[in-house]
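So the structure is just underneath, and the comments pick up after that.
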Amino acid sequence: MQHSGLVSLTSRVAAVVLLLLGAVAAGIAEPKRPPPQATAKVRVYTLDCGHLFFYDMGLFSDTGEYDGQRGAMPVPCFLIRHPKGDLMWDTGFGDLTARQLQDMYGPFGILATPRTPLTRQLAALGVSPDQVEYLALSHLHADHAGGANLFPRSTWLLYRNEIAWATATPAPSGVAPALFSAYRTAKVEWLNDNDHDVFGDGSVRILRASGHSAGHAVLMLQLARAGTVILSGDLAHTLQSHKHRRVPLTNYSRAETLASFDRVDKLIANRQGRLIVQHSPEHFAALPKPPPSSTESGPAPPKIKTVR
Ligand SMILES: [Zn+2]
């Protein structure tokens, strides 16, 4: 992996040198490159892994823009199907009960309700959790790692510093270590400071994007039709938070979050891609879903005006 990384780095450096020489010779700026092509057929299924409702969205910006506003957020998780195997990206609330969620979020004045169990949604796609090769979590907050223990037979792709942060005593706000305890017995591929190419062909890559938590990551997909798509984790919680680079009140490092925004936005621009803000109701509504039979159960979410 390292060797091919070096080769591609070397060829990229060579390409940049050639472009610069060409630009100097012609006296013009670097031409816009075509977006990269997909190398394998990758399918993405967006699953409904819960919903969040807030009486006060103020905690999603440390500069006050959401103070006093109500809001609702979907909690999606994603099944990525690659010819070499399946990857779960985030697990939302998984199969936690409404009571468990209320116990967790009640003290914060936040109501969270799950809808259809994740296992049933996967079954509708013909997948059992035991068949999913890889599990990766953008970070270990309960609304992303809540269903992680459903995947004890998967290989967990974990950043060391994220686990260290999330298992500290006392636990950071929003983290419930019991929800991802299966990592202790599961097969774990430990990730350090680098990005990780899950299937080795560049089509599904975990990118370091720390700041929201110590080892926060985003998932960059190269899709045949949609091109480059980056799943945000909690880099941004709303479309406006992405546009204006707003940082939540509870956040590991403001400086790292801003640097991660910078990196992701440059990647999006250079690859002519798009960022999916996972908690955005607008993006969630627009993403293709599995068959309706897998998502129609559970209580309908209450109607609350949404912050964009
Ligand atoms: Zn979070």
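Given His212, His196, which one is closer than 21 Å to Phe60 by Cα and crowded, with 16+ Cβ neighbours inside 10 Å?
So the residue among His212, His196 that is closer than 21 Å to Phe60 by Cα and crowded, with 16+ Cβ neighbours inside 10 Å is His212.
Condition (residue is within 16 Å of the ligand (Cβ to nearest atom), of a type outside the set (Val, Ile, Thr), at pLDDT 95 or above and out of contact with any strand residue (DSSP E or B) (no Cβ under 9 Å at 6 or more places or on another chain)) applied to the stretch 223-242: is it met by at least one residue?
Yes, some residue in the stretch 223-242 is within 16 Å of the ligand (Cβ to nearest atom), of a type outside the set (Val, Ile, Thr), at pLDDT 95 or above and out of contact with any strand residue (DSSP E or B) (no Cβ under 9 Å at 6 or more places or on another chain).
Mind counting the residues in the stretch 130-144 that are among the charged types (D, E, K, R) and within 9 Å of the ligand (Cβ to nearest atom)?
1
If Ser181 meets every condition in (1) in contact with a helix residue (DSSP H, G or I) (Cβ under 8 Å, 6 or more places away or on another chain); (2) within 16 Å of the ligand (Cβ to nearest atom); (3) in a helix (DSSP H, G or I) apart from one, which number is that one?
Here Ser181 meets the rest and fails (2).
What number goes with the only condition from (1) aromatic (Phe, Trp, Tyr); (2) under 17 Å from the mean Cα position of the chain (by Cα); (3) assigned to a strand (DSSP E or B) that Tyr252 does not pass?
With (1) aromatic (Phe, Trp, Tyr); (2) under 17 Å from the mean Cα position of the chain (by Cα); (3) assigned to a strand (DSSP E or B) applied to Tyr252, the lone miss is (3).
So if I check each of Val127, Val218, Val204, which one is buried (at least 22 other Cβ atoms within 10 Å of the Cβ) and away from the ligand (no atom under 16 Å from the Cβ)?
Criteria check complete, one pass: Val204.
The values are calculated or read from the model by the stated rules, or taken from the named source; none is laboratory data. A quick note: this is a predicted structure, and the numbers were derived from the prediction, not measured. FYI the Cβ positions are ideal-geometry reconstructions off the backbone, even for glycines, and counts take in every protein chain you see.
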